[in-house]
Amino acid sequence: MSQSKSKDNLEHFTYDEETPKLFFLATIIWGAVALLAGVFIASQLAFWQLNFKLPWFTFGRLRPLHTNSAIFAFAGNAIFAGVYHSSQRLLKTRIFSDALSKIHFWGWQLIIVLAAITLPLGITTGKEYAELEWPIDILIAVVWVAFAVNFFGMIARRRERHLYVAIWFYLASIITVALLHIVNSIALPVSLFKSYPVYAGVQDALVQWWYGHNAVAFFLTTPYLGLMYYYLPKAVNRPIYSYRLSIIHFWALVFIYIWTGPHHLLHSALPDWAQTLGMIFSIMLLAPSWGGMINGLLTMRGAWHRVRKEPILKFLVAAVTFYGMSTFEGPLLSIKSVNALAHFTDWIIGHVHSGVLGWNGFMIFAILYYVVPKLWKTELYSEKLANVHFWMAMSGILLYIFSMWAAGITQGLMWRAMEGPRLVYPDFVETLTKIIPLYYVRAFGGFLYLAGYVIMMYNIFKTIKASKPAEPEVYSAPPLGKFTTDKQGHRYLEGLSALFTVLVVIAVIVGSVIEILPTLLAHKYYAPEKIENVKPYTPLELAGRDIYIREGCYTCHSQMVRTLTYDIARYGEMSRPEEFIYDHPFQFGSRRIGPDLARVGGKYPDSWHYYHMYDPRQITPGSTMPVYPHLFRKKIDYHILAKKLLVMKRMGVPYSEASISSAISDAQDQAAQVEESLKSQGVKEKVRDKEILALIAYLQRLKAPAEVTDK
């Protein structure tokens with residue numbers, strides 16, 4: 001039933017309950033996949049044998065699968081379910097288009113399935129949270145447009161003049177995620193499964209973390225704040241504490257958040273002004289974030305006695321508290337002195353998971369327990385099981401966070417420990433062996449969280465099974481034209497949805513342009529006198545770099561020597577912007593489970609890298625690195641090299657026509673040189689044209705610019 005009009009001038013209509021149902025069911029299914037993958041890769045760091053000597057089971061390939069499934073499959077489906085369910089009621093209208101709803105749902109599930117197939121196969125761009133290749137990126141854009149049209153179509157057909165605060169956050173999320181995805185995903189294809197981003201080096205790093213941090217902001221924060229503003233008052237049956245505070249919370253958050261990405265690149269080759277700007281806005285972000293937390297918690301006034309008995313309220317209070325904790329820790333970690341200790345360590349992993357598992361996860365659980373009985377017209381099967389789920393999840397997440405805090409601080413302190421000019425712990429593996437017991441605790445905490453989730457799945461399944469078919473409810477409301485609106489203040493703006501949307505776009509674009517454009521136009525990084533010793537990768541080195549990215553080596557190794565004294569003492573000359581101008585994509589990394597590789601070239605003979613990839617523990621006892629036997633079996637794809645060089649040339653890398661036409665022969669010649677080098681160093685196995693040769697060539701290339709010469 002769509003709608004009809006009665007004699008009293010009321011329009012009668014029903015809501016689309018099937019679309020939210022589908023998205024909620026998808027949330028439950030993909031959540032299990034994401035959590036199972038997370039527990040598995042956490043166990044791999046504690047027990048390297050779980051990599052199974054199989055390429056598609058290595059940590060480097062599965063870690064992007066875990067992050068994508070957690071963010072876009074689990075949290076993403078929950079967003080769509082909550083938005084569609086709550087927006088209909090807030091706007092007093094049915095979802096705009098049933099056809100678009102189907103395209104949205106099945107298109108998004110197809111994207112997730114394609115991610116689950118391509119990422120373990122090593123088909124990746126190598127950019128965190130944006131690893132999917134260009135055909136899938138296009139599909140994401142198409143599906144997102146379907147979602148946007150459906151959402152804004154509801155706003156256009158609404159029967160409620162004023163837009164409630166939850167709608168503000170949904171609107172800002174839809175607009176900003178589209179902007180982030182499109183700008184960050186611009187790439188030139190080499191083939192159906194390979195492309196290179198148009199940005200390079202420092203520029204690519206800035207765009208990526210403008211995207212990466214704001215993917216957290218506008219995919220994992222703002223839409224969930226919208227869900228909080230709707231479902232928390234509904235659950236406690238009280239209005240939100242402060243309308244004025246919600247206005248400040250929204251506009252301050254939307255404007256400030258977009259500036260904060262550079263705090264991922266502190267002490268790096270990024271220009272100092274951009275680093276400082278990112279740090280300042282990150283600290284400023286604390287005020288609106290805590291304003292939102294306070295608004296949520298104070299909405300519970302008069303209902304705290306219910307928290308003890310009602311599992312939904314337990315999850316809501318915990319979720320909002322984790323939001324507050326995460327948004328305190330984020331600005332703290334953005335202070336340069338704190339970041340010097342924490343960056344590249346497991347402290348960051350604990351911080352991220354307190355947000356995703358605590359804030360997003362607990363909010364999703366609360367919504368599921370609240371909505372599923374209402375959508376299926378039944379009662380929750382067991383509140384007792386829901387309470388058990390809460391305490392198991394809470395115990396698991398606390399074990400996870402505390403172990404990662406301890407591991408991260410241990411790493412940071414050991415890396416920076418110096419006696420005069422000398423490092424106290426010069427061997428990186430010394431740090432790793434100290435924190436392995438904490439990896440056991442982290443894996444166990446993740447298992448507890450997963451076990452609680454399984455209990456929830458059983459509870460929800462039994463709830464749905466007990467439901468009975470029911471006729472859809474019919475609602476009534478006067479058409480939009482019969483409503484009056486305030487003539488001034490924010491209430492007036494809420495009635496003007498088009499103007500409201502334009503102001504959100506301006507708030508988001510201002511920070512983006514001021515932060516990104518100067519670095520994209522910084523021609524000084526391309527001045528000839530600065531790049532005299534920076535040469536493009538040879539065809540074989542480029543092939544090796546692509547293998548490095550395919551195997552996910554960047555998930556454990558950074559390639560960025562920071563400006564810090566102990567970084568320079570451990571790895572060599574600090575990294576400079578000009579040395580990355582031909583890097584598509586950049587490889588600064590975000591974590592050091594293994595040592596930095598920016599200056600590894602020439603440090604060891606070719607045979608060292610050969611045996612290290614074949615059996616890391618033969619070279620470095622105590623290492624948790626996987627083995628890569630497939631690199632010694634699989635042949636180098638020489639035939640695609642000319643296409644790769646041609647695409648690079650189109651992006652400004654100075655490859656000549658002659659070097660492109662001779663790419664295959666040049667790569668074969670260099671591979672033969674590496675093979676001869678290995679033989680002279682005692683390697684007896686036949687490795688002619690095998691991928692290990694290309695990877696060795698790339699690793700040996702990683703030197704300071706002054707050390708790089710023409711091949």
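The values are calculated or read from the model by the stated rules, or taken from the named source; none is laboratory data. All figures in this text were calculated on a predicted structure; none of them were measured in a lab. Note: ideal-geometry Cβ built from the backbone for every residue, glycine included; neighbour counts use all protein chains shown.
Scan the stretch 374-382 and tell me whether some residue there is in a helix (DSSP H, G or I), surrounded by fewer than 21 Cβ atoms within 10 Å (Cβ to Cβ) and in contact (Cβ under 8 Å) with a residue 60 or more places away in the chain. Spell out how you get there, then give the answer.
Initially, the stretch 374-382 is screened for residues in a helix (DSSP H, G or I), giving 374-375.
Remaining after also requiring surrounded by fewer than 21 Cβ atoms within 10 Å (Cβ to Cβ): 374-375.
In the following step, the residues that additionally are in contact (Cβ under 8 Å) with a residue 60 or more places away in the chain were identified as 375.
Within the stretch 374-382 (the criterion being in a helix (DSSP H, G or I), surrounded by fewer than 21 Cβ atoms within 10 Å (Cβ to Cβ) and in contact (Cβ under 8 Å) with a residue 60 or more places away in the chain), the answer is yes, since at least one residue qualifies.
Could you say which residue among ALA443, ALA417 is of a type outside the set (Lys, Arg) and surrounded by fewer than 16 Cβ atoms within 10 Å (Cβ to Cβ)?
Working: ALA443 fails: surrounded by fewer than 16 Cβ atoms within 10 Å (Cβ to Cβ).
Result of the check over ALA443, ALA417: ALA417.
Quick one: in the stretch 1-39, of everything that is among the β-branched types (Val, Ile, Thr) and at pLDDT 95 or above, which residue is farthest from PRO478 (Cα to Cα)? Reasoning before the result, please.
Pass one, the stretch 1-39, residues among the β-branched types (Val, Ile, Thr): 14, 19, 27-29, 33, 39.
Among the residues that remain, those that are also at pLDDT 95 or above are: 19, 27-29, 33, 39.
Details: THR19: 25, THR27: 34, ILE28: 36, ILE29: 39, VAL33: 44, VAL39: 51 Å.
Taking the candidates together, the pick is VAL39.
Consider MET651 against the criteria (1) at pLDDT below 95; (2) more than 26 Å from PRO197 (Cα to Cα); (3) not β-branched (Val, Ile, Thr): it satisfies all of them except one. Which criterion is unmet?
Here MET651 meets the rest and fails (2).
Which count do you get for residues in the stretch 630-644 that are assigned to a loop (DSSP other than H, G, I, E, B) and either outside the structural domain of PRO654 (by TED's automatic domain parsing) or farther than 13 Å from LEU540 by Cβ (or both)?
Filtering the stretch 630-644 down to residues assigned to a loop (DSSP other than H, G, I, E, B) leaves 633-634, 636-640.
Now restrict to residues that are either outside the structural domain of PRO654 (by TED's automatic domain parsing) or farther than 13 Å from LEU540 by Cβ (or both): 633-634, 639.
Number of matching residues: 3.
Could you identify the single residue in ALA200, ALA166, ALA215 that is touching a Gly at 6+ places or on another chain (Cβ under 6 Å) and either touching a residue at least 40 places away in the same chain (Cβ under 8 Å) or closer than 24 Å to PRO331 by Cβ (or both)? Even if it seems obvious, please write down each step before you answer.
Numbers: ALA200 fails: touching a Gly at 6+ places or on another chain (Cβ under 6 Å); ALA215 fails: touching a Gly at 6+ places or on another chain (Cβ under 6 Å).
So the residue among ALA200, ALA166, ALA215 that is touching a Gly at 6+ places or on another chain (Cβ under 6 Å) and either touching a residue at least 40 places away in the same chain (Cβ under 8 Å) or closer than 24 Å to PRO331 by Cβ (or both) is ALA166.
Residue by residue, here is whether (1) in contact (Cβ under 8 Å) with a residue 40 or more places away in the chain; (2) in a helix (DSSP H, G or I); (3) farther than 26 Å from ASP346 by Cβ; (4) not assigned by TED's automatic domain parsing to the domain that holds GLU473 holds:
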{"position": "LYS53", "(1), (2), (3), (4)": "yes, no, no, yes"}
{"position": "HIS66", "(1), (2), (3), (4)": "no, yes, no, yes"}
{"position": "PHE80", "(1), (2), (3), (4)": "yes, yes, yes, yes"}
{"position": "SER87", "(1), (2), (3), (4)": "yes, yes, yes, yes"}
{"position": "ALA99", "(1), (2), (3), (4)": "no, yes, yes, yes"}
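Determine the pairs where a residue that is farther than 14 Å from PRO189 by Cβ, located within the stretch 640-656, has a partner that is among the polar types (S, T, N, Q) with Cβ atoms under 8 Å apart, the partner being 6 or more residues away or on another chain.
ALA642/SER661; LEU645/SER659
Against the definition (surrounded by 18 or more Cβ atoms within 10 Å (Cβ to Cβ) and either under 20 Å from the mean Cα position of the chain (by Cα) or farther than 30 Å from ARG159 by Cβ (or both)), how does PRO64 come out, yes or no? Steps first, please.
Details: surrounded by 18 or more Cβ atoms within 10 Å (Cβ to Cβ): yes; either under 20 Å from the mean Cα position of the chain (by Cα) or farther than 30 Å from ARG159 by Cβ (or both): yes.
Criteria met by PRO64.
In the stretch 111-134, what count of residues is obtained for those that are surrounded by fewer than 21 Cβ atoms within 10 Å (Cβ to Cβ) and either closer than 11 Å to SER195 by Cβ or assigned by TED's automatic domain parsing to the domain that holds CYS553 (or both)?
Total meeting the criteria: 1.
Condition check: at positive phi and in the same structural domain as LEU398 (by TED's automatic domain parsing). Does GLY446 satisfy that?
Working: at positive phi: no; in the same structural domain as LEU398 (by TED's automatic domain parsing): yes.
Against the criterion (at positive phi and in the same structural domain as LEU398 (by TED's automatic domain parsing)), GLY446 does not qualify.
Given (1) farther than 16 Å from MET414 by Cα; (2) in contact (Cβ under 8 Å) with a residue 40 or more places away in the chain, identify the lone condition not met by VAL561.
Unmet condition: (2).
Looking only at the stretch 17-42, which residues are surrounded by fewer than 19 Cβ atoms within 10 Å (Cβ to Cβ) and either among the β-branched types (Val, Ile, Thr) or over 25 Å from TYR458 (Cα atoms) (or both)?
Correct list: ILE29, VAL33.
Quickly run through the stretch 150-186 and pick out the residues that are in contact with a Pro (Cβ under 8 Å, 6 or more places away or on another chain), hydrophobic (A, V, I, L, M, F, W, C) and buried (at least 22 other Cβ atoms within 10 Å of the Cβ).
Hit for the stretch 150-186 is PHE169, nothing else.
Looking at the stretch 562-579, is at least one residue part of a loop (DSSP other than H, G, I, E, B) and acidic (Asp, Glu)? Step through it out loud before you land on a result.
Pass one, the stretch 562-579, residues part of a loop (DSSP other than H, G, I, E, B): 562-564, 572-576.
Subsequent filtering for residues that are acidic (Asp, Glu) retains 573.
Yes: one or more hits.
How many residues does the stretch 276-289 contain that are within 21 Å of SER242 (Cβ to Cβ), in contact with a helix residue (DSSP H, G or I) (Cβ under 6 Å, 6 or more places away or on another chain) and surrounded by fewer than 20 Cβ atoms within 10 Å (Cβ to Cβ)?
Here is the first cut: in the stretch 276-289, the residues within 21 Å of SER242 (Cβ to Cβ) are 284-289.
Of the ones still in play, those that are also in contact with a helix residue (DSSP H, G or I) (Cβ under 6 Å, 6 or more places away or on another chain) are 284-286, 288-289.
With the extra rule that they be surrounded by fewer than 20 Cβ atoms within 10 Å (Cβ to Cβ), the set shrinks to 284, 286.
The number of residues fulfilling the criteria is 2.
Applying the selection to the stretch 616-643, what residues are farther than 30 Å from SER656 by Cβ and among the aromatic types (Phe, Trp, Tyr)?
Within the stretch 616-643, TYR628, PHE632 meet the criteria.
So which of GLY601, GLY622 is outside the structural domain of ILE436 (by TED's automatic domain parsing), surrounded by fewer than 17 Cβ atoms within 10 Å (Cβ to Cβ) and part of a loop (DSSP other than H, G, I, E, B)?
GLY622
Looking at the stretch 85-111, which of its residues are under 23 Å from the mean Cα position of the chain (by Cα) and not small (Gly, Ala, Ser)?
Within the stretch 85-111, HIS104, PHE105, TRP106, TRP108, GLN109, LEU110, ILE111 qualify.
I want to confirm something. Restricting to the stretch 305-347 and keeping residues that are of a type in the set (Phe, Trp, Tyr), touching a Ser or Thr at 6+ places or on another chain (Cβ under 9 Å) and part of a helix (DSSP H, G or I), which single residue is surrounded by the most Cβ atoms within 10 Å (Cβ to Cβ)? Let's see the steps before the verdict.
Residues of the stretch 305-347 that are of a type in the set (Phe, Trp, Tyr), as a first pass: 315, 322-323, 328, 344, 347.
Filter again for touching a Ser or Thr at 6+ places or on another chain (Cβ under 9 Å), leaving 322-323, 328, 344.
Imposing the further condition that a residue be part of a helix (DSSP H, G or I) reduces the set to 322-323, 328.
On the way: PHE322: 24, TYR323: 27, PHE328: 14.
The qualifying residue surrounded by the most Cβ atoms within 10 Å (Cβ to Cβ) is TYR323.
Among the listed residues ILE435, ILE464, ILE460, which satisfies the condition of being at pLDDT 95 or above, among the aliphatic types (A, V, I, L, M), in a helix (DSSP H, G or I) and closer than 30 Å to TYR571 by Cα?
Numbers: ILE464 fails: closer than 30 Å to TYR571 by Cα; ILE460 fails: closer than 30 Å to TYR571 by Cα.
So the residue among ILE435, ILE464, ILE460 that is at pLDDT 95 or above, among the aliphatic types (A, V, I, L, M), in a helix (DSSP H, G or I) and closer than 30 Å to TYR571 by Cα is ILE435.
Examine the stretch 122-137 for a residue that is among the charged types (D, E, K, R) and in a helix (DSSP H, G or I), and state whether such a residue exists.
Of the residues in the stretch 122-137, the ones among the charged types (D, E, K, R) are 127-128, 131, 133, 137.
Next, from what is left, pick out any that are in a helix (DSSP H, G or I): 137.
Yes, some residue in the stretch 122-137 is among the charged types (D, E, K, R) and in a helix (DSSP H, G or I).
When you go through LEU399, LEU448, LEU385 one by one, which is the residue that is free of Cβ contacts under 8 Å to residues at least 60 places away in the same chain, touching a Lys or Arg at 6+ places or on another chain (Cβ under 9 Å), of a type outside the set (Lys, Arg) and assigned to a helix (DSSP H, G or I)? It would help to see each step written out before you state the result.
Numbers: LEU448 fails: touching a Lys or Arg at 6+ places or on another chain (Cβ under 9 Å); LEU385 fails: free of Cβ contacts under 8 Å to residues at least 60 places away in the same chain.
Step by step, each of LEU399, LEU448, LEU385 is checked, and only LEU399 is free of Cβ contacts under 8 Å to residues at least 60 places away in the same chain, touching a Lys or Arg at 6+ places or on another chain (Cβ under 9 Å), of a type outside the set (Lys, Arg) and assigned to a helix (DSSP H, G or I).
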